[in-house]
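Encoded as C-alpha cells, here's the structure I'll be asking about.
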C-alpha cells in the first residue's frame, strides 16, 4: 500500500498542507524557535501560530491567557484564593498532599478545574479534587486533543478486542503517515494484512 510521504515542516508549506499532517510537539517547537515564533505552550497553540505564520507570514503573539503565569500566594491555606493563570508547582503539590494525602497527584481533570476556577478558594479545590476522583470511577475519561496517540490506541482496542499493542502501534504509525485526521478507523487495519 502506498502512502504519501509527509512533507518537511518548512516555510514553503501552506497552512492548509501543514494542518493535514501529524507533527510531534518537539518538531513544532523546533520550527517555532528557528522562525522566531513563540515556542512555548500547548501543541494546539504552537500549531495555530505556525499555521498563521505559513499563511500570512505574521508571527502571532502569545495571547494574554498564554502569557499569564499564576503568582501563587507565599503561604497557601484553605482560605487562599486560587490565582488567575494557575500553574502547578511544588508548593501547590505539597499543600495538596498535606490536605489530601500522599496519594494526591495533579491529574488532568483537576488541573483543568484549577485553571478554570480562579477566584475560588483552595478549600473548594480540595472538595473538587475528591469529586473528580469519585467521578473518574463512573465515567469514561476524555483524552485531551494533544494526546492523539492515546486516543487512537484507546479507540483501536475499543473496536478490536483481542488485538495486541503491537497491532495498535503499527496501525497508528500507518495512520499518522497519511494526510488528514489521526482518529482510528476500521480501514486502518489494512496495514496489518501487508
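Among all residue pairs at least 6 apart or on different chains, which show Cβ distances below 9 Å where the first residue, located in the range 25-53, is under 15 Å from residue 13 (Cβ atoms) and assigned by TED's automatic domain parsing to the domain that holds residue 176 and the second is modelled with pLDDT of 95 or more and buried (at least 19 other Cβ atoms within 10 Å of the Cβ)?
As it stands, the answer is none, since no pair meets every condition given.
Would you mind finding the one in 23, 31 that is more than 22 Å from residue 175 (Cα to Cα) and crowded, with 17+ Cβ neighbours inside 10 Å?
31
Can you name every one of the helices (runs of 4 or more DSSP H) wholly within the range 91-194 that holds 1 or more residues which are outside the structural domain of residue 48 (by TED's automatic domain parsing) and over 17 Å from the mean Cα position of the chain (by Cα)?
On the way: elements: 108-116, 122-136, 148-159, 165-176.
In the range 91-194, 122-136, 148-159, 165-176 are the helices (runs of 4 or more DSSP H) which contain 1 or more residues that are outside the structural domain of residue 48 (by TED's automatic domain parsing) and over 17 Å from the mean Cα position of the chain (by Cα).
The values are calculated or read from the model by the stated rules, or taken from the named source; none is laboratory data. What you are looking at is a predicted structure, and each value in this text was computed from that prediction instead of being measured. Cβ coordinates were reconstructed from backbone atoms using ideal geometry, including for glycine residues, and neighbour counts include every protein chain displayed.
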